[in-house]
Amino acid sequence: KKICMIIQDRHKYFRKCGYIQNTTTNNNFLVFCLSQCEMAFPRLNPTPDETAFSDALLKRNQDLSPTSAEQSSILSLVTKITNVIDNLIVSAGAVEVEIEEMRQVGSYKKGTMISGHNVADLVVILKILPSLETVTALGNKVVETLRTQDPSEVLSMLPNETGFEISSADATVKILIATVPPNMRKLEPDVHIDVKHLQNSLAAVRHARWFEESASHSTVKVLVRLLKDLRTRFSGFEPLTPWMLDLLGHCAVMNNPTRQPLALNVAFRRSLQMLSSGLFLPGSAGITDPCENGHYRVFTVMNLEQQDMVCLTAQTLVRVLSHGGYMKILGLDGDASYLMEELSTWDGVTVKPSEKAYEKMPELELEMDEDEQKTSSLLTS
């Protein structure tokens, strides 16, 4: 109840006619988090027993985790492709494509894959300029070598805007192309892969390295998997990127005065509470990207409408969770999408979905008559 009383009202950060963002970093607000100040809010009642909630979280994580067959198939394909690319790196000069290095990235590397999405990501950093023809030739070379090694396996290679992907019957490996930094200045838009995709591939390498060093705790991985599941089932969370979910999961588990990992049930509730309190709203200190220089807040890639949707979705789920609706939130009790649109009752308490606080400014077309146009032209001249 204390938390609900002090949750920031989103209308504080938006104005009816539009929003004026605070660009002064020093004045960004910090969201309230009970885990950071438990000493200031001593409990009056004993800690409630949340064994059932914890069991439900573990049950959902088990359902979301890849099966042994999925793990075996993706591991086999990744190993084969990795061996082929390693041989290409060693045999420099024997092939037209010169490769600097290769790194595993994404949910496969981090251990946060979800069942039914059997896809792994590899970043291949080229020494040469990544032209579309070069990337396609590399993909053909890799898949031809794989077919030579095992003619019975059915493989396909599909080029895309970020590189190419190689698929077997039940697994897919996406090859994300990057290049060494000095080549970034030499790129031509119509000839080479877009610079944004190349930068994203290099960022994926940094993200995977940071996650391995700082967020490898099992509780963080489980929480990230659960947050990814929420993102797929609640449309209001769709603007959240995988990198945002990684950082949110790490913050919810590890960012506390003791620097010790919190229990899964506490961290899950805390992640929703932080979002509902305005963690990813304009003016918030948010979460600083640990892999970028300067004070870059990860949520700024979302527009104002998306930030508002994330916050109002979390606020509704926090109220449902506070009254025992965790089975519905976790997807263990049927579809829960209606919670964002309709009233729901939990243990005699009716929960009303949060409403939008942000309204887009209407695009006003100024119509000037001939006299106004003449006056304007005189002033400008």
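The values are calculated or read from the model by the stated rules, or taken from the named source; none is laboratory data. No experiment lies behind these values; they were computed from the predicted model shown. No Cβ is skipped: glycine too gets one built from the backbone with ideal geometry, and neighbour counts run over all protein chains shown. When the accessible area is computed, the model is the full protein with side chains, heavy atoms only, and any ligands, DNA or RNA have been set aside. Shrake-Rupley method; radii C 1.70, N 1.55, O 1.52, S 1.80 Å.
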Selected residue [among the small types (Gly, Ala, Ser) and at pLDDT 95 or above] from Ser91, Ser107: Ser107
Every residue from region 173-203 that is open to solvent by 10 Å² or more (accessible area, probe 1.4 Å) and more than 20 Å from Leu129 (Cβ to Cβ): Lys174
Which listed residue, of Asp308, Asp335, Asp289, is open to solvent by 30 Å² or more (accessible area, probe 1.4 Å) and either of a type in the set (Asp, Glu) or at pLDDT 90 or above (or both): Asp335
Pairs, first over 14 Å from Leu30 (Cα atoms) in region 282-301, second β-branched (Val, Ile, Thr) and open to solvent by 60 Å² or more (accessible area, probe 1.4 Å), C-beta under 9 Å, six or more apart: His295/Thr25
Some residue of region 284-306 being part of a loop (DSSP other than H, G, I, E, B), touching a Pro at 6+ places or on another chain (Cβ under 6 Å) and within 18 Å of Arg231 (Cα to Cα): yes
Any hit, region 27-49, residues being of a type in the set (A, V, I, L, M, F, W, C) and either closer than 28 Å to Ala178 by Cα or modelled with pLDDT of 95 or more (or both): no
Pairs with Cβ under 7 Å, 6+ apart, first in region 34-53 and on the phi < 0 side of the Ramachandran plot, second modelled with pLDDT of 85 or more and among the basic types (Lys, Arg): Ser35/Arg270
Subset of region 210-231 [open to solvent by 40 Å² or more (accessible area, probe 1.4 Å) and either touching a His at 6+ places or on another chain (Cβ under 8 Å) or farther than 17 Å from Leu248 by Cα (or both)]: Ser214
Single unsatisfied condition, Thr148 versus (1) surrounded by 13 or more Cβ atoms within 10 Å (Cβ to Cβ); (2) closer than 20 Å to Asp86 by Cα: (1)
Thr258 farther than 21 Å from Gly334 by Cα and either hydroxyl-bearing (Ser, Thr, Tyr) or open to solvent by 30 Å² or more (accessible area, probe 1.4 Å) (or both): yes
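Within the bounds of region 208-224, is there any residue that is hydroxyl-bearing (Ser, Thr, Tyr), closer than 16 Å to Val123 by Cα and touching a residue at least 12 places away in the same chain (Cβ under 8 Å)?
The answer is no, given that none of the residues of region 208-224 is hydroxyl-bearing (Ser, Thr, Tyr), closer than 16 Å to Val123 by Cα and touching a residue at least 12 places away in the same chain (Cβ under 8 Å).
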Checking Asn265 against (1) touching a Ser or Thr at 6+ places or on another chain (Cβ under 6 Å); (2) part of a loop (DSSP other than H, G, I, E, B), the condition it does not meet: (2)
Hits in region 236-272 (condition: modelled with pLDDT of 95 or more and polar (S, T, N, Q)): Thr241, Asn265, Ser271
Selected residue [farther than 21 Å from Ser65 by Cβ and of a type in the set (S, T, N, Q)] from Asn256, Asn265: Asn256
Inter-residue pairs, beta-carbon under 6 Å, first in contact (Cβ under 8 Å) with a residue 60 or more places away in the chain and in region 130-151, second part of a helix (DSSP H, G or I), 6+ apart: Val142/Val84; Thr145/Val84; Leu146/Lys80
Residue list for region 152-171, filter: without any contact (Cβ under 8 Å) to a residue 60 or more places away in the chain, closer than 27 Å to Thr241 by Cα and open to solvent by less than 30 Å² (accessible area, probe 1.4 Å): Gly163, Phe164, Ser167
Near pairs, Cβ below 9 angstrom, 6+ apart or cross-chain, from region 54-79 (modelled with pLDDT of 95 or more) to any residue that is basic (Lys, Arg): Arg60/Arg225; Asn61/Arg225; Leu64/Arg225; Leu64/Lys228; Ser65/Arg225
